[in-house]
Amino acid sequence: MDDRIPCVYNANHLIKPEKLVWHYVKCDDRRRLQHLFEVCPYNSMHHVPKPEYDAHIQRCKPPTTQINLNFGVDDPWG
C-alpha cells in the first residue's frame, strides 16, 4: 500500500497525507467524537486526545517565521 495514514478518529480510515484536511472536514466519526479531542494551535492537522493535549503542546513548537533583512544588490529599492 502507499503512504496512507490512519485517521485519528477511526483507524480504519486510511488517507493520503495530502487529503487529510478534507477527510477531517467530512469524517462522520470526527463529528461524533470531536468532544474527546483538541486541535493543536500550532498545527491544525494535529488532532490530539484531550488527556494527551498538554504534553503535546509542550512537544509541538510554534512555527518559526524567518524574515530576511539582507538588503543588497537584489533589493529593488536600492
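Every read-out reported here was derived from the displayed coordinates using simple, explicitly stated rules and does not represent laboratory data. Just so it is clear, the model here is predicted, and its values are computed rather than measured. Cβ coordinates were reconstructed from backbone atoms using ideal geometry, including for glycine residues, and neighbour counts include every protein chain displayed.
Summary of values
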read-out: Flag if CYS40 is over 22 Å from ARG59 (Cα atoms) and of a type outside the set (Val, Ile, Thr); value: no
read-out: Checklist (1) in contact with a strand residue (DSSP E or B) (Cβ under 9 Å, 6 or more places away or on another chain); (2) under 23 Å from ARG59 (Cβ atoms) applied to ASN12, failing item; value: (2)
